[in-house]
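The values are calculated or read from the model by the stated rules, or taken from the named source; none is laboratory data. Just so it is clear, the structure is predicted and the values come from calculations on it, not from any experiment. Cβ placement follows ideal geometry from the backbone for every residue including glycine, while neighbour counts extend to all protein chains displayed. Note: areas computed on protein heavy atoms with side chains; ligands, DNA, RNA excluded. Shrake-Rupley method; radii C 1.70, N 1.55, O 1.52, S 1.80 Å.
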Amino acid sequence: MAKMRVRFPTLVLLLGIVFLMAVSIGFAHGEKGVTKNHERPREREQEEHDPRQQPRPRQQEEQEREHRREDEHDREPSRGRSGIEESREEEREKRREPRREWEQEQQPQHGRRGEQEEEEERQSSRQRPQSRREEREQEQGSSSSSRRQSGHGRRQYHESREQREEGEQAQGSRSDSRRQRNPYHFSSERFQTLYKNRNGQIRVLERFDKRTNRLENLQNYRIVEFQSKPNTLILPKHSDADYIIVVLNGRATITIVNPDKRQAYNLQCGDALRLPAGTTSYILNPDDNQNLRVVKLAIPINNPGNFYDFYPSSTKDQQSYFNGFSRNTLEATFNTRYEEIQRVLLGYEDKQEDEEQRRGQEQSYQDEGVIVRVSQEQIQELRKHAQSSSGKGKPSESGPFNLRSNEPVYSNKFGNFYEITPDRNPQVQDLDISLTLIEISKGALLLPHYNSKAIFIVAVDEGEGNYELVGIRDQQRQQDEKEEEKEEVRRYSARLSQGDIFVIPAGHPISINASSNLRLLGFGINADQNQRNFLAGSEDNVIRQLDREVKQLTFPGSAEDVERLIKNQQQSYFANAQPQQQQQRENEGRRGIRGPISSILSGLY
C-alpha cells in the first residue's frame with residue numbers, strides 16, 4: 001500500500017510533465033508561421049540599427065531584379081522562346097509569394113499548421129538554398145542551361161521567323177506607302193463640291209500644299225471644275241482670282257461684262273480663255289443634248305490658296321452681295337424704298353410673306369440655285385452677238401484661243417503634243433503659264449522626260465492609263481522612320497481615270513502609258529523658258545548627246561553598248577508601250593501559218 005502511494009504522485013507528475021511538453025510543442029508550432037512572416041521586418045530593423053550590415057534584402061532584391069532584366073534584354077535577340085517563358089514564369093512566381101504570405105496571415109492559427117507542415121516538406125524536398133542570392137544564382141544558372149539546351153535550332157527558327165515577319169511588314173508598308181503616300185496624284189474624289197443641283201455642279205480640288213510640303217510653290221493655284229446639263233446657265237458672278245478657262249467637253253457661250261462694254265464668245269472643245277480677276281461673267285450651255293465640262297485654273301489675288309465668288313443675286317445656295325449693305329445705303333444707292341429693292345433685287349426672305357407674292361416665284365431661279373435652266377428663246381438671244389475663237393493664226397489680246405490652233409510640237413502615229421507657251425500668247429504671258437494638250441493612243445507610251453523649270457498640273461480629260469514619276473526620297477523622313485532601304489530614288493505611280501489630277505514637279509522624270517485613248521490637259525507654272533528634256537528616243541534625247549567618253553565612264557556597259565541600246569528606239573516622244581509583246585504575237589502568228597493547219601491544207605491539195 002505504501003508503495004502504491006509513492007507511485008501515484010510520481011505518475012501524476014509524469015503526466016503533468018508530458019502535458020506541459022505537449023502544450024509547449026503546440027505553442028511552438030503555432031508561433032512558427034508568425035515568426036516566419038515577421039522575419040523580414042526584424043531583419044530590416046536590425047539593418048537599420050546596424051550600419052555595418054549589407055543593404056536591405058528588398059532593396060538588394062530590386063537591384064538584382066533590375067540587373068537581371070537588363071541582362072535578359074541584352075540576351076533576348078539570341079535566346080529561344082523557352083528562356084523568355086521561364087523568365088516570365090519566375091516573375092509570376094515572385095508576384096505570387098507576397099500573396100501567399102498575406103493569405104497565411106489572414107487564416108486562423110489552428111488551420112495553418114497542416115499547410116505550414118506541408119510547406120516545410122515541399123521546401124525540404126526542393127532543397128532550396130538558404131540565401132536568396134544563391135537561389136537567384138541557381139535559377140539563373142538553370143534557366144541559362146535550359147536555354148543552352150534548347151539548341152541552335154530554336155534560335156534559328158525564332159530569328160528566321162522574326163526576319164520573315166519583318167520582311168513581310170516592310171514589304172506591306174512599302175506597298176501601302178506606294179498606294180497612300182503619292183503626294184502628286186489627286187483622284188476625282190478629292191474635289192470639294194461648292195454648288196450642286198439638278199442642273200449641274202461646281203467643285204474645287206483640295207489645296208496642293210495641304211497634301212505635302214513638296215508642293216508649297218503651288219499654294220496659290222487651285223483647280224475648279226464646272227459641269228452643267230444642256231440648256232442651262234451659271235448666274236453672273238465675279239471672283240477675287242484670275243482664271244484660265246478651258247472647255248473639255250461640249251459647247252459654251254461665255255459673256256464677259258466690263259464697265260464700258262459686254263463681249264460674248266462661243267467656245268468649243270479645246271478652246272481656252274483668260275478671265276481677269278474681278279470680271280463679271282456668266283456661262284451658257286446652249287447644246288440640246290451634250291453636257292458641258294469646263295476646267296479652270298484659279299490664281300487667287302487676296303489670300304494665297306483661297307478665293308471667293310460674289311453674286312449680285314440671291315438663291316438658295318448664296319446671298320447677293322447687296323445683302324451686305326445696310327438698308328439706308330441701299331435706299332440711297334438706288335434712290336428708292338427698301339421694300340422695292342428687296343422685291344426686285346434681293347428677294348423675300350420672310351417666310352410669312354404674302355402668298356400671292358410667293359406664288360409667282362416658286363419656280364424662279366431663286367429655287368434652282370446658281371445653275372438655272374433657260375429657254376430656247378433666251379439661248380438665241382444670248383448667242384446673237386457671240387464671237388467664235390480665233391482658230392488658226394495669231395491669238396487675240398482678249399478673245400478665246402484653241403489649244404490646237406498651232407501644229408503639235410511633238411507628233412507621230414502614237415500621239416500628239418500641243419502646247420501654248422507664254423511667248424506665243426499675250427493672255428498668259430504675265431501669268432507665266434503655259435497650256436498643253438496631250439493625246440496618247442491606246443497602247444502607246446509618252447517617253448520618259450522631265451521639265452527644266454515648269455511645274456505641270458495635269459487633268460485627265462478622257463481615257464485611262466497610268467504614269468510613273470521618279471522622285472528623290474525624303475532623307476529626313478527616311479531617318480525619322482528608320483527605313484531599311486537606303487536608296488534615294490523612288491517611283492511614284494498611279495492609275496489614271498477621267499477627272500483625276502496629278503502634278504509633275506520640275507526636274508522629275510515622268511512617263512505616261514495609255515491603256516485606252518488618253519487625253520490630258522496641262523497647266524505649266526513658271527513656264528517661261530522651260531525646256532523639255534527626253535531621256536529616250538531618236539530626237540531631243542539628252543542621253544544621246546553625252547560624249548562617248550562620258551558614256552563609257554557613266555554606265556556599266558561599254559560606250560558601244562550604250563549607243564547601240566539608245567539607237568534601238570526608232571521613235572521619238574511617243575512609242576509603243578509593249579514592243580516585245582507585240583513582236584512575240586507577230587512571231588507566233590507567223591509560226592501559226594506554217595503550223596499543223598497549213599500542213600494539213602497543203603496535204604489536201
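For the stretch 220-287, which whole percent of the accessible surface, found with a 1.4 angstrom probe, sits on carbon and sulfur atoms? Don't skip to the answer; put the middle values down first.
Working: 950 of 2040 Å².
C and S atoms contribute 46 percent here.
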The stretch 381-454, relative contact order in percent, only Cα pairs under 8 angstrom and at least six apart counted: 22
Asp430 paired with Ser187, simple spin-label distance in nm, labels 7 Å along Cα-to-beta-carbon: 4.1
Over the stretch 209-292, relative contact order from alpha-carbon pairs under 8 Å, at least 6 apart, %: 40
Charge sum, other residues only, whose C-beta stays under 14 Å from His385's C-beta, Lys/Arg counted +1 and Asp/Glu -1: +3
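Fully extended, how many nm does the chain gain between Gln219 and Ile301 (0.36 nm per residue separation, minus their Cα-Cα distance)?
Values: separation 82, 0.36 × 82 = 29.52 nm, distance 1.22 nm.
Between Gln219 and Ile301, full extension yields 28.3 nm more.
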Per-pair calculated FRET efficiency, R0 = 22 Å: Glu468 and Ser538 via Cβ, rounded to 0.05: 0.55
Residue-normalised accessible area of the stretch 506-585, expressed per residue, 1.4 Å probe, Å²: 57
Under 5 Å, built H, 5+ apart or other chain: amide partners of Ser572: Ser538
15 Å beta-carbon shell around Ser228, net charge (K/R +1, D/E -1): +4
Under Karplus coefficients 6.51, -1.76 and 1.60, residue-wise ³J(HN,Hα) of the stretch 538-553 in Hz, glycine/proline x: 7, 10, 6, 9, 6, 5, 5, 7, 5, 4, 4, 5, 5, 4, 4, 7
Charge tally in the Cβ shell below 11 Å around Arg207, where Lys, Arg are +1 and Asp, Glu are -1, Arg207 excluded: +1
Solvent-accessible heavy-atom area per residue, rounded to whole Å², over the stretch 247-304 at 1.4 Å: 39
Ranked packing of 219-228, 500-509, most packed first, by mean Cβ within 10 Å: 219-228, 500-509
Simple label model, 7 Å out from Cα along Cβ direction - Leu194 to Gln545, nm: 4.2
Approximate spin-label separation Thr279-Arg262, in nm, with each point projected 7 Å along Cα-to-Cβ: 1.6
